[in-house]
Amino acid sequence: MSTLPNSEDLAEPDALAPSGEERTGDDGGKRIEGRSPWLLAWQRLRRDRVAMFSLAVIVLIVLMAIFAPLATTITGHPVNEQYRTTGLTADGLPKGPSSQFWLGTDDLGRDILVRIAYGARISLLVGVVATALTVVIGVVVGLAAGFLGGIVDTILARLIDVVLSIPFLLVAIALVSITGPSLLVTVLVIGFFSWASVGRIVRGQVLSLREREFVEAARSLGASNGRIMFVDILPNVLAQVIVYASLLIPVVIVVEATLSFLGLGLAPPTADWGGMISESQNYYTTAWWFVVFPGAALLVTTLAFNLLGDGVRDAFDPRSDRLIP
């Protein structure tokens, strides 16, 4: 006659296994513990060698920007100091790389290495701050349009269409030329004309999420619209926002450099990569280092951010074939 099993017999054989570890089933095979999408994304990103190398390059550029005064201390050359005697040839041309000026000098006899280090501050500051402003405006508008719907969605959706139809670079050049070049104006102009793309992405995601069961449950519990949008829905669209932001930073850096190249960025003598490239136009045949090194700094920075953004995009892709490391 069979007997009823006791509670110990009913217990799963792996019930006491430590949390977060692989457990062995009855058939001797290993079962995979559930992991959050954020953890899975980080594990995929960490295995992406190109993305990790790009991240290391970005960290080095950030450190160079933070410790730019150290370059002045090591070389003994202030960022805007003009060495017309030792930094220029007898013909008044920039001097090439040497033990005194490691990356050569510009047309005014200033140290290019020091100016590149200080220029990194401007490019990174504008890239990060303008992108943050873009994301904040785009997320708020996209959430409101997608969740509230009705007349609010109609107005905000048409506003997004209008902003996207504006020729950004031409209007940015016109505004900066009217108000005058400054760091604040550059950030505001880039942020104002870039948020519409983020808003459209967020709006589309929210439209597909607002009728889900967890939103209905929050409504039934009496949660306010603001709480539902920012506490319940926003975390579900955050991955897309992060991917877009990581790819937007290099675009913003290039736009800032373009404005500076056209003379509409920061006012001289502020060290800026776009301004340095502009100043080297008349010397590229006689002083190659004048254009190559600032251009290389801009190229390496934007390329590193783009490659990292591609890695972040692949890491958050649920269809990735690297789902399980």
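With respect to the conditions (1) within 29 Å of VAL312 (Cα to Cα); (2) over 23 Å from the mean Cα position of the chain (by Cα), TRP38 lacks only one, and its number is (2). Residues of the range 183-217 that are among the small types (Gly, Ala, Ser) and either crowded, with 19+ Cβ neighbours inside 10 Å or in contact with a Cys (Cβ under 6 Å, 6 or more places away or on another chain) (or both): GLY191, SER194, ALA196, GLY199.
Kindly check whether there is at least one residue in the range 83-97 that is on the phi > 0 side of the Ramachandran plot and touching a strand residue (DSSP E or B) at 6+ places or on another chain (Cβ under 9 Å). Within the range 83-97, none of the residues are on the phi > 0 side of the Ramachandran plot and touching a strand residue (DSSP E or B) at 6+ places or on another chain (Cβ under 9 Å). If the condition is being in a helix (DSSP H, G or I), crowded, with 23+ Cβ neighbours inside 10 Å and among the charged types (D, E, K, R), then the range 253-293 contributes only GLU256. Taking the criterion of being assigned to a helix (DSSP H, G or I) and under 30 Å from VAL237 (Cβ atoms), would at least one residue in the range 111-123 satisfy it? The answer is yes; a qualifying residue exists.
Restricting the range 81-132 to residues that are among the polar types (S, T, N, Q) and surrounded by fewer than 20 Cβ atoms within 10 Å (Cβ to Cβ) leaves a set whose member that is nearest to VAL255 (Cα to Cα) is GLN82. Residues that are in contact (Cβ under 8 Å) with a residue 40 or more places away in the chain and out of contact with any Phe, Trp or Tyr (no Cβ under 6 Å at 6 or more places or on another chain) within the range 137-147 comprise VAL139, VAL141, GLY142, LEU143, ALA144, ALA145, GLY146, PHE147, listed in sequence order.
Checking each residue in the range 148-177 for being under 23 Å from PRO269 (Cβ atoms) and without any contact (Cβ under 8 Å) to a residue 40 or more places away in the chain picks out no residue at all.
Read-outs throughout are calculated quantities, based only on the coordinates presented, and are distinct from any laboratory measurement. Keep in mind the model is a prediction, meaning the values are calculated, not measured. With ideal geometry, Cβ positions are generated from the backbone for all residues, glycine too; neighbour counts draw on all protein chains shown.
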